[in-house]
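Everything below concerns the one structure shown next.
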Number of protein chains: 2
Amino acid sequence: MLNYYIEVLKDKGFKVTPRRKAIINIFITSNSHLTADEVWDRLSKKFDRCGIPSVYRNLETLAECGVLTKIQQFDRKKHYGLCSFAGHDEHHHHIICVKCGKVEEIKECALIQKRYINGYKVVRHFMQVDGICDKCLA
Amino acid sequence: MLNYYIEVLKDKGFKVTPRRKAIINIFITSNSHLTADEVWDRLSKKFDRCGIPSVYRNLETLAECGVLTKIQQFDRKKHYGLCSFAGHDEHHHHIICVKCGKVEEIKECALIQKRYINGYKVVRHFMQVDGICDKCLA
DNA sequence: CTCTAAACAGAAATTATTTCTATTTGAGGG
DNA sequence: CCCTCAAATAGAAATAATTTCTGTTTAGAG
């Protein structure tokens, strides 16, 4: 699983550094979305020296690669979740469990083939669904 | 137009204050989405004394009423746009012109009637479409 | 008109994020 | 395996959006 994401990183021309591997692992094991601060906390336990600017930069880089996806929460922090569609070019969005924070991919999309809406030429769109996952429902 | 939004405010049990009327007017005349800072700039020209915390609070209040809608941009500021569906309970999303910033309502939505996706019980969802409006296309 | 909760100003605090500079390191090429 | 260098990094400091706090004002119900 880690190796797959590393390949995505390489493919996009980014270096595979210990921090980046560790950050991906943090997301794999956390099974939830995390903020820069939360990632930094966990990263600090694995590395003696660890700057927060690197965390911000790496999260942004990983999001650029599609390894992570940005998640909209109701605080003023940026949240990121692991995206299992990384590397694929498949159009998709995400659903997030409001209880446990789990992130999954969904393919439902009203707009995938629409080029114009209300006379606007569509440039991009994003959708986020918040829900409660099956485990949390049980 | 202003009066319509004022009614929405009243209906929700909020007071109709000079600042709030002025803020709504700013959005009506700007015909684009604005940040707290931009609203404050314009408000300061109409009122001698004008605190930025009030601007933040009022934008949040107006968004709560549905008079304004929050718009996701690629900076780290909160953006708000006037919503002409305020007061209606009609399900809708927004399309924003990436050139002039105009905001319009759209009804296209893949999820309106879906209660479950991937086994998740859907709590809420939001979608934003970025595009180029007809005027900017011409 | 009076009263009260809501709205307000202004200053100060908070905090997420970015910038800057010097140092280190991954990985391609010899 | 070593050299090289652009990319990645640490750490400190700066930035800037937003919130909190306190005391004052005001909208609107009665």
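Which one, A:ASN31, B:HIS94, A:PRO18, is farthest towards the positive end of the dipole of the protein assembly as shown when Lys and Arg carry +1 and Asp and Glu -1 on their Cβ? Looking along the dipole axis, the top candidate is A:PRO18. Among B:TYR5, A:TYR4, A:TYR56, A:TYR80, the order by Cβ neighbours within 10 angstrom, fewest to most, reads A:TYR4, A:TYR56, A:TYR80, B:TYR5. When DSSP beta bridges are restricted to pairs lying wholly in region B:60-138, around 70% turn out antiparallel. Count, for each residue of B:129-138, the Cβ atoms from other chains sitting within 10 Å of its Cβ, then give me the mean as a whole number. Counting Cβ atoms of other protein chains within 10 Å of each residue's Cβ and averaging gives 5. Compute the angle between helix A:18-30 and the longest alpha-carbon principal axis of chain A, please, reported from 0 to 90 degrees and rounded to the nearest 10. Approximately 60 degrees, to the nearest ten. Across the identical copies, the 7 Å label point of A:GLU108, projected outward along Cα→Cβ, sits 1.7 nm from its counterparts, in ascending order.
What's the exposure ranking of B:ASP48, A:ASP41, going from fewest to most Cβ atoms within 10 Å?
Details: B:ASP48 5, A:ASP41 14.
Lowest count first: B:ASP48, A:ASP41.
Using R0 = 25 Å, the C-beta based FRET efficiency linking A:GLU108 and A:ALA63 works out to 0.70. Given B:VAL122, A:GLY119, B:ALA63, which one lies farthest toward the positive end of the charge dipole of the protein assembly as shown, if we put +1 on the Cβ of every Lys and Arg and -1 on the Cβ of every Asp and Glu? Comparing the listed Cα positions along the dipole, B:ALA63 ranks first.
Only Lys, Arg, Asp and Glu count, each charged at its Cβ (+1, +1, -1, -1), so figure out the dipole size of chain A about its Cα centre, rounded to 20 debye. Numbers along the way, then the final one.
On the way: 23 positive and 16 negative charges, 82 e Å.
That gives chain A a dipole magnitude of about 400 debye.
How would you rank B:61-69, B:6-14, highest first, on the average number of other Cβ atoms within 10 Å across their residues?
Highest to lowest by the protection proxy: B:61-69, B:6-14.
Using Cβ point charges alone (K and R +1, D and E -1), the dipole size of the protein assembly as shown about the Cα centre works out to roughly 620 debye. Cβ crowding within 10 Å, taken as a proxy for footprinting-reagent exposure, orders A:SER44, A:SER54 from fewest neighbours to most as A:SER44, A:SER54. Inter-chain neighbour count for B:99-111: the average number of beta-carbon atoms from partner chains within 10 Å of each residue's beta-carbon is 3. Determine the percent antiparallel among the DSSP beta bridges restricted to chain A, to the nearest 5. Counting DSSP beta bridges with both partners in chain A, the antiparallel share is about 75 percent.
With each label modelled as a point 7 angstrom along the Cα→C-beta vector, the B:HIS91-B:CYS136 pair spans 2.8 nm. Rounded to the nearest 5, the antiparallel percentage of DSSP beta bridges internal to the protein assembly as shown is 80%.
Placing +1 on each Lys and Arg Cβ and -1 on each Asp and Glu Cβ, with no other charges, gives region A:1-58 a dipole about its Cα centre of roughly 240 debye.
Every number in this text was worked out from the coordinates using simple rules, so none of it is lab data. Model, not experiment: these values are computed from the prediction. Ideal geometry is used to build each Cβ from the backbone, glycine not excepted, and the neighbour counts take in all protein chains shown.
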